[in-house]
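Working notes for the structure below.
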Amino acid sequence: MITMRLRSVREAHIQKGMSVLLRVDFNVPMKGTAITDDFRIQGSLETVRFLLKKGARIVIISHLGRPTSRDPNLSLRPVFFRFKKLLHSSNRVIFVKNPFDLAGICAIQQLKAGEIAMVENIRFWKEEERNNLAFARKLSCFGRIVVNDAFGDSHREHASIAGIAKFLPAYAGFLLVREVRFLERAIKNPKRPVASIIGGAKISTKYELIRTFLSSSDQVLVGGALANSLLVLEGISVGKSVFEKVEPKKLGPKILTSAKLHIPVDGVVSKKFDLGKNVKVSIRAVGSIGDDEYILDIGPETEKLFINILKKAKTIIWNGPVGYAEVKQFSHGTLALARAIGRVKAFRIIGGGDTIAILKSYNLLSSFDHVSTGGGAMLEFLAGDRMPGIEVVMKK
Ligand code: 3PG
């Protein structure tokens with residue numbers, strides 16, 4: 001088995017007082033300004049503690065959400081407070097609102113060995129997503145080396161992920177190394193059959209991925225709004241359900257004819273969906289969804305079909321709930337699949353913030369061999385797509 005050879009942070013010569021730029025993915029799920037899951041913050045603590053032990057001066061960079069302006073709701077400040085609490089260190093940890101103004105530059109310059117500065121949401125600077133090299137160069141002034149621990153963002157060619165490595169030696173953090181090691185097991189000579197479950201919303205971004213999974217997996221199960229969009233593409237009505245309308249011509253070759261692809265045959269539907277309130281539901285076969293109905297979960301026949309496939313699998317990859325699982329009434333399908341996976345003897349990996357948050361609240365994560373911090377990044381890695389954030393830390 002050929003494995004990716006990464007330059008681990010363990011190999012970096014970090015002397016006491018050396019400044020290290022640490023890129024993490026603290027893009028955590030939030031409700032308003034409250035963090036609903038801190039799994040990604042916890043995931044990078046090992047790298048932070050390693051750097052602290054070496055006596056580094058650490059400058060942490062992360063993005064949060066997809067801001068189009070300096071949206072105060074997307075400030076990293078709440079994340080900073082959670083990070084400080086989780087790190088539980090007596091060392092000084094500061095927040096830097098603007099690392100490019102005088103106050104910010106001074107605050108970073110005055111960091112002492114073992115102190116940490118977390119910079120405001122790096123996507124507040126539009127140059128980040130454009131991978132602007134002048135911006136990457138400015139960022140590079142804050143460290144002698146850069147450590148990438150942001151696996152979840154490593155599919156993006158952004159300045160603090162990719163461009164920065166033009167100016168600083170780049171190393172992989174422990175979280176990144178762990179992700180690559182586990183995910184590689186699912187694609188390099190995996191134990192077969194391989195079953196992949198793909199949920200989520202946007203067909204425009206997931207269509208090619210499903211196609212790739214159809215060639216690498218033995219069975220691909222699609223649920224959620226993604227399945228609705230596939231049905232609409234075939235001219236099957238999904239009533240008022242969430243789906244994304246796309247021009248079939250803009251997508252690649254048809255996938256619905258593949259014998260490996262399994263989409264729901266029935267659904268739990270309702271005429272209303274009222275968050276927090278129990279609503280009247282019915283079970284409908286796909287093809288007979290009323291114009292005034294929403295599909296909110298997979299139905300019992302689909303659940304049986306999916307579970308039968310999962311029972312035979314030796315490798316299971318899961319990303320995205322198969323229903324509107326944030327609402328208890330419509331979480332049945334997603335939880336039933338999770339419980340079935342728990343009973344299967346297979347190598348099991350799961351990723352995607354929504355799926356993880358739901359399964360975590362029901363204590364259903366422990367049966368997975370690997371819980372990935374990546375959503376899109378995990379899928380793209382498994383599909384063999386380019387990962388600029390990993391390329392920069394690979395040994396030549
Ligand atoms: C994620 O949550 O998948 C990563 O943080 C990447 O975020 P993005 O899709 O906004 O680039």
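The values are calculated or read from the model by the stated rules, or taken from the named source; none is laboratory data. All values reported here derive from a predicted model rather than from experimental measurement. Glycine also receives a Cβ, built like all others from the backbone with ideal geometry; neighbour counts cover every protein chain displayed. Surface areas here come from the heavy atoms of the whole protein model, side chains and all, with no ligands, DNA or RNA. Shrake-Rupley method; radii C 1.70, N 1.55, O 1.52, S 1.80 Å.
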Q. If you check LEU305 against the conditions, is it assigned by TED's automatic domain parsing to the domain that holds GLY374 and either open to solvent by 30 Å² or more (accessible area, probe 1.4 Å) or without any contact (Cβ under 8 Å) to a residue 40 or more places away in the chain (or both)?
A. yes
The residue from ILE236, ILE283, ILE263 that alone is within 26 Å of the chain's Cα centre (by Cα), in the same structural domain as ALA357 (by TED's automatic domain parsing) and of a type in the set (Val, Ile, Thr) is ILE263
With criteria (1) in contact with a strand residue (DSSP E or B) (Cβ under 8 Å, 6 or more places away or on another chain); (2) not in a loop (DSSP other than H, G, I, E, B), ARG49 comes up short on (1)
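Name the single residue, out of those in region 160-175 being of a type in the set (A, V, I, L, M) and in a helix (DSSP H, G or I), that is most open to solvent (accessible area, probe 1.4 Å).
Step one: list which residues in region 160-175 are of a type in the set (A, V, I, L, M), which gives 161-162, 164-165, 168, 170, 172, 175.
Subsequent filtering for residues that are in a helix (DSSP H, G or I) retains 164-165, 175.
Details: ILE164: 2, ALA165: 33, LEU175: 8 Å².
Step by step, filter region 160-175, then rank; the result is ALA165.
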Checked pairs for region 339-355, first at positive phi, second part of a loop (DSSP other than H, G, I, E, B), C-beta under 6 Å and 6 or more apart or across chains, list as GLY352/GLY320; GLY352/GLY375
Of the residues in region 119-159, those that are surrounded by fewer than 23 Cβ atoms within 10 Å (Cβ to Cβ) and in a strand (DSSP E or B) come to ILE145
Filtering region 176-220 down to residues that are open to solvent by less than 10 Å² (accessible area, probe 1.4 Å) and over 14 Å from LEU379 (Cα atoms) yields LEU176, VAL194
In region 360-379, anything at pLDDT 95 or above, more than 9 Å from the ligand (Cβ to nearest atom) and in a helix (DSSP H, G or I) is listed as none
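Would you mind stating whether LYS249 is farther than 30 Å from ALA186 by Cα, open to solvent by 30 Å² or more (accessible area, probe 1.4 Å) and not in a loop (DSSP other than H, G, I, E, B)?
On the way: farther than 30 Å from ALA186 by Cα: yes; open to solvent by 30 Å² or more (accessible area, probe 1.4 Å): yes; not in a loop (DSSP other than H, G, I, E, B): yes.
Yes.
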Note on region 271-286: residues of a type outside the set (Val, Ile, Thr) and without any contact (Cβ under 8 Å) to a residue 24 or more places away in the chain are LYS271, LYS272, ASP274, LYS277, LYS280, SER282, ARG284, ALA285
- Message: Among the residues that make up region 242-257, is at least one of them within 29 Å of ALA313 (Cα to Cα) and basic (Lys, Arg)?
- Response: yes
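I'm checking my understanding of the structure. Among residues of region 308-318 that are of a type in the set (Val, Ile, Thr) and open to solvent by less than 10 Å² (accessible area, probe 1.4 Å), which one is farthest from ASN363 (Cα to Cα)? Steps first, answer last, please.
Going residue by residue through region 308-318, those that are of a type in the set (Val, Ile, Thr) are 309, 315-317.
Then drop every residue that is not open to solvent by less than 10 Å² (accessible area, probe 1.4 Å), which leaves 315-317.
Details: THR315: 21, ILE316: 19, ILE317: 18 Å.
Looking at residues that are of a type in the set (Val, Ile, Thr) and open to solvent by less than 10 Å² (accessible area, probe 1.4 Å), I get THR315.
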(1) away from the ligand (no atom under 15 Å from the Cβ); (2) surrounded by 15 or more Cβ atoms within 10 Å (Cβ to Cβ); (3) over 21 Å from THR36 (Cβ atoms) all hold for LEU87 apart from (3)
Residues of region 319-340 being open to solvent by less than 10 Å² (accessible area, probe 1.4 Å) and assigned to a loop (DSSP other than H, G, I, E, B), in sequence order, are GLY320, VAL322, ALA325, SER331
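Just checking, which of ASN121, ASN131, ASN189 is modelled with pLDDT under 95 and among the polar types (S, T, N, Q)?
Working: ASN121 fails: modelled with pLDDT under 95; ASN131 fails: modelled with pLDDT under 95.
From the options ASN121, ASN131, ASN189, the qualifying one is ASN189.
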How many residues of region 181-207 are touching a residue at least 60 places away in the same chain (Cβ under 8 Å), assigned to a helix (DSSP H, G or I) and within 16 Å of the ligand (Cβ to nearest atom)? The answer is 3
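Going through region 95-118 one residue at a time, which ones are β-branched (Val, Ile, Thr), out of contact with any Gly (no Cβ under 8 Å at 6 or more places or on another chain) and under 17 Å from VAL24 (Cβ atoms)? Steps first, answer last, please.
Within region 95-118, the first condition is being β-branched (Val, Ile, Thr), and the residues that meet it are 96, 105, 108, 116.
Within this subset, residues satisfying the condition of being out of contact with any Gly (no Cβ under 8 Å at 6 or more places or on another chain) are 105, 108, 116.
Matches in region 95-118: ILE108, ILE116.
Being β-branched (Val, Ile, Thr), open to solvent by less than 70 Å² (accessible area, probe 1.4 Å), part of a strand (DSSP E or B) and in contact (Cβ under 8 Å) with a residue 24 or more places away in the chain narrows it down to one of ILE289, ILE295, so name that one. Walk me through it before giving the result.
Details: ILE289 fails: part of a strand (DSSP E or B).
It is ILE295.
Could we say that GLY342 is under 27 Å from SER216 (Cβ atoms) and within 16 Å of the ligand (Cβ to nearest atom) here? Break it down into steps so the answer makes sense when it comes.
Values: under 27 Å from SER216 (Cβ atoms): yes; within 16 Å of the ligand (Cβ to nearest atom): no.
So GLY342 does not fit the description; no.
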